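Everything on this sheet refers to the single structure shown next.
The values are calculated or read from the model by the stated rules, or taken from the named source; none is laboratory data. Predicted model only: the values in this text are computed from it and were never measured. For neighbour counting, all protein chains shown are included, and Cβ atoms are generated from backbone atoms with ideal geometry for every residue, glycine included. Surface accessibility is based on the protein's heavy atoms, side chains included, excluding ligands, DNA and RNA. Shrake-Rupley method; radii C 1.70, N 1.55, O 1.52, S 1.80 Å.
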Amino acid sequence: SSAASDVYKRQTWVHIRPHDQIAVSQSIGKRYSHHMYYVYMLTNQHNTVLYIGVTNNIMRRLQEHRRGEGRAFTAQYKLTKVVYLETSESIMAAIEREKQLKHWSRTKKDALINAKNPQWKDLSLQW
């Protein structure tokens, strides 16, 4: 929708880099008076499959993925490694961003991950 697009255009995205351990910890662990929403990419041990999702609680959602709850796709391909993460204060902007990323080619997704996390490290190990 155009309203969601307008929200996305005004939204400031925070790209989490692997070496920003303090920023990640503060962003995820801090209690906000408003919600934070996370657009994330998961992959498997060999980085051959990507999953893109959105949640308001990245730690809980990652635990669900790792227990095989939720999407059968993530359980089937053992997608448990967080290689990319963005935050937003707007659920509409986060959903719009998730849709945008899902329509990207694999090459473009890989380039985005490589720009922020060139070694494809599991970002959740820093939380």
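Within the assembled protein chains, the solvent-accessible surface assigned to Arg60 is about 100 Å², based on a 1.4 Å probe. Residue separation of Asn44 and Phe73 scaled by 0.36 nm, minus their Cα-Cα distance, works out to 9.3 nm of gained length.
For the pair Lys116 and Gln100, label points projected 7 Å from Cα toward Cβ lie 1.2 nm apart. The 3J(HN,Hα) values that the Karplus relation (6.51, -1.76, 1.60; θ = phi - 60°) gives for the range 35-41 are, in residue order, 7, 10, 10, 10, 9, 9, 10 Hz. Gly and Pro appear as x.
Extension gain, Ile91 to Arg60: 0.36 nm times the residue separation minus the Cα-Cα distance gives 9.5 nm.
Of the residues Glu69, Glu96, the one with the largest accessible area comes first in the ranking Glu69, Glu96, computed with a 1.4 Å probe on protein heavy atoms.
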